[in-house]
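What follows is a set of notes on a single structure, which appears directly below.
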Amino acid sequence: MEGDGKISFLPKVSDRPLTPSDLNLTPGQDYMVANVIIDGKIRRENLRHTGNDEKWLQRQIKGQGASSIEDILLATCDANNKVTVFMKETKKKPVDLLM
């Protein structure tokens with residue numbers, strides 16, 4: 001028990017979460033991604049921060065099969081300029097209330 005009345009505890013060694021260092025792994029650093037398209041609209045400020053322009057972005061999304069920016073729900077750009085595109089759902093799925 002702590003001096004302020006709170007209780008502190010440590011998990012048993014056998015029950016603590018596994019970490020990469022437990023397996024002698026050194027994973028790469030995670031970096032944030034920039035949302036460059038949200039709901040079919042280019043976020044120009046975010047795109048500018050990636051160091052790229054709209055022509056570059058157009059080439060990237062066409063390379064991933066998107067015909068138009070308006071068809072994209074979300075597109076992100078990581079620190080290595082890898083663009084990930086998530087398309088808008090065009091077909092409405094029927095709602096199954098029994099599931």
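The values are calculated or read from the model by the stated rules, or taken from the named source; none is laboratory data. Computed from a predicted structure; not experimentally measured. In this analysis, Cβ positions are derived from the backbone assuming ideal geometry, glycine residues included, and neighbour counts consider all displayed protein chains. The accessibility values were calculated without ligands, DNA or RNA, using every heavy atom of the protein model including side chains. Shrake-Rupley method; radii C 1.70, N 1.55, O 1.52, S 1.80 Å.
Show the residue pairs that are 6+ apart or on different chains and have beta-carbon atoms under 7 Å apart, the first residue being within the stretch 68-95 and farther than 9 Å from G40 by Cα and open to solvent by 30 Å² or more (accessible area, probe 1.4 Å), the second being part of a strand (DSSP E or B) and among the polar types (S, T, N, Q).
Taking only residues 6 or more apart or on different chains, the pairs are T84/T76.
How about the stretch 20-48: which of its residues are of a type in the set (D, E), closer than 23 Å to D71 by Cβ and without any contact (Cβ under 8 Å) to a residue 24 or more places away in the chain? Please lay out each step first, then the result.
Pass one, the stretch 20-48, residues of a type in the set (D, E): 22, 30, 39, 45.
From the residues that got through so far, the ones that are closer than 23 Å to D71 by Cβ too are 39, 45.
Residue satisfying the conditions is E45 alone.
Name the residues in the stretch 26-56 that are of a type in the set (D, E, K, R) and within 14 Å of F86 (Cα to Cα), would you? Before the answer, list the steps.
Going through the stretch 26-56, the residues of a type in the set (D, E, K, R) turn out to be 30, 39, 41, 43-45, 48, 53-55.
Passing the criteria: D39, K41.
Which of the residues belonging to the stretch 1-37 are touching a strand residue (DSSP E or B) at 6+ places or on another chain (Cβ under 8 Å) and open to solvent by less than 60 Å² (accessible area, probe 1.4 Å)? Break it down into steps so the answer makes sense when it comes.
Applying the first criterion (touching a strand residue (DSSP E or B) at 6+ places or on another chain (Cβ under 8 Å)) to the stretch 1-37 yields 33-37.
If the condition is that a residue be touching a strand residue (DSSP E or B) at 6+ places or on another chain (Cβ under 8 Å) and open to solvent by less than 60 Å² (accessible area, probe 1.4 Å), then A34, N35, V36, I37 are the ones that fit.
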